[in-house]
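Novice: I'd like to ask some things about the structure below.
Bear in mind these aren't lab numbers, they're just calculated from the coordinates by the rules spelled out. All figures in this text were calculated on a predicted structure; none of them were measured in a lab. No Cβ is skipped: glycine too gets one built from the backbone with ideal geometry, and neighbour counts run over all protein chains shown.
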Amino acid sequence: MTIGRKGPGPGEVEQPMGFALPPGELVLPDGSAELEVFDRSGTHLRSIRPEGIVFGLDALGADRLLLRRFQTGDSPRWAVLGPSGEPAPLEPPAWRVEAPVDVPDCSADATTGVTILRVDCALLRIQLLSDVGAALKEITVDRAPEISTDAELDAFEGRIRGLLGRMGARADEVDRMVREQREDHRVKRIFRGIRHDAETGRYWVREQAPEDFGGGPATLHLFDEDGVYLARLTFDRAWTDFDAAGGRVYALEQDPETDLASLVAYRVEVPAVDVADHR
């Protein structure tokens with residue numbers, strides 16, 4: 001089945017930036033700053049035009065979406081989109097454990113039910129947040145940040161300019177966003193995402209080796225629901241994305257020679273841990 005088609009009109013997308021699966025629907029953020037909503041049979045239901053460019057989103061409970069937006073001015077990076085169609089800005093709380101003064105603030109996030117999972121990009125800090133942005137729990141593991149070279153930043157800037165140009169951003173917006181992204185990536189973004197396995201209650205954090213800004217082999221860090229560190233697993237290829245469910249990990253592994261991605265499933269056997277000995 002094919003859903004949608006290429007173009008600028010209703011039910012069409014020109015630069016898809018991800019997707020979310022709220023109950024009975026498929027939502028695609030488009031680079032033109034619109035969200036296209038389809039039912040599971042592929043019928044276009046509506047178009048939503050939230051403020052700002054949405055580059056990612058996740059279902060938040062049964063009837064809301066957590067939007068990730070390119071920041072403009074002082075606007076928060078997150079917004080929650082409810083049934084009314086009006087996005088409500090959501091400002092994440094400050095970390096309880098402060099980062100070194102020269103490390104820019106950066107995070108990757110996901111959702112599970114009505115809980116938001118947030119992981120620091122450069123340090124191994126994890127927050128569990130409520131759907132209104134209140135901190136529920138914070139976990140910190142020692143991990144030194146890594147600094148990018150000028151050559152790496154120049155190459156990264158070229159890719160960002162190309163992406164924003166294809167999205168139709170104005171020249172002044174491109175220059176501003178490039179400056180901000182270059183500063184944000186001065187410290188390498190090692191941690192690329194976090195997932196929750198609802199069946200086992202465990203949290204998975206993906207670390208990507210720093211080659212080409214996270215293009216190296218993948219490593220997974222496993223925590224239980226109380227924040228106890230359980231395991232570290234290493235792999236021999238880069239991943240473009242991953243998920244976890246029922247004690248299995250599903251990864252999109254990227255071939256460094258062909259740039260093609262393959263979906264691979266791993267069954268993960270984690271030895272029992274006496275939690276009382278590890279608090």
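Novice: Give me log10 I(q)/I(0) at q = 0.20, 0.27, 0.28, 0.29 Å⁻¹ for the range 125-185, Debye formula, one equal scatterer per alpha-carbon, no solvent.
Specialist: -0.80, -1.00, -1.06, -1.12
Novice: Here's another thing I want to ask about it. How long are the semi-axes of the equivalent ellipsoid of the range 1-91, defined as square roots of 5 times the Cα gyration tensor eigenvalues? Whole Å, largest first.
Specialist: After scaling each eigenvalue by five and taking roots: 21, 15, 10 Å.
Novice: Turning to a different aspect of this structure: Taking Rh as the Kirkwood radius computed over C-alpha pairs, what is the Stokes-Einstein D of the chain at 20 °C in a medium of viscosity 1.002 mPa s, expressed in µm² per second?
Specialist: Answer from the Stokes-Einstein relation: 107 µm²/s.
Novice: Give me the extension gain from A94 to Q15: residue separation times 0.36 nm, minus the current Cα-Cα distance, reported in nm with one decimal.
Specialist: Once the chain is fully extended between A94 and Q15, it gains 25.2 nm.
Novice: Could you give the radius of gyration (one decimal) and Dmax (whole number) of the Cα atoms in the range 172-256, in Å?
Specialist: In order Rg, Dmax, the Cα atoms of the range 172-256 give 15.2, 47 Å.
Novice: So between D224 and V141, what do we pick up on full extension, going 0.36 nm a residue minus the alpha carbon distance?
Specialist: That pair, D224 and V141, stretches by 28.5 nm at full extension.
Novice: Could you pull out which residues in the range 21-62 have an amide N less than 17 Å from a spot 7 Å beyond the Cα of R166, following the Cα-Cβ vector?
Specialist: Only 29-34, 54-56 pass the distance filter.
Novice: Here's another thing I want to ask about it. Under the definition of Cα pairs under 8 Å and six or more residues apart, what whole-number percent is the relative contact order of the chain?
Specialist: Contact order relative to length: 9 percent.
Novice: Follow-up. Let me check I've understood the local charge: for L124, count other residues with C-beta under 10 angstrom from its C-beta, Lys and Arg +1, Asp and Glu -1. What total comes out?
Specialist: -1
Novice: Taking the Cα centre of the chain as origin, work out the dipole magnitude from +1 charges on Lys and Arg Cβ and -1 charges on Asp and Glu Cβ, in debye rounded to 20.
Specialist: Computed about the Cα centre, the dipole is about 380 debye.
Novice: Tell me, what is the FRET efficiency for D184 and D259 to the nearest 0.05, using R0 = 25 angstrom and their Cβ-Cβ distance as r?
Specialist: Once the sixth-power term is evaluated, E becomes 0.50.
Novice: Compute the FRET efficiency between E86 and S130 as 1/(1 + (r/R0)^6), taking r as their Cβ-Cβ distance and R0 = 25 Å, and round to the nearest 0.05.
Specialist: With R0 = 25 Å, the Cβ-Cβ based efficiency is 0.80.
Novice: Report the gain in length on full extension from R159 to R237: 0.36 nm times residue separation, minus Cα-Cα distance, nm rounded to one decimal.
Specialist: Roughly 25.9 nm would be gained on extension.
Novice: Could you give each residue of the range 234-248 its phi-based ³J(HN,Hα) in whole Hz, using Karplus coefficients 6.51, -1.76, 1.60 with θ = phi - 60°, and x for Gly or Pro?
Specialist: Here the 3J(HN,Hα) series is 10, 10, 9, 9, 6, 10, 9, 6, 7, 8, 9, 7, x, x, 10 Hz.
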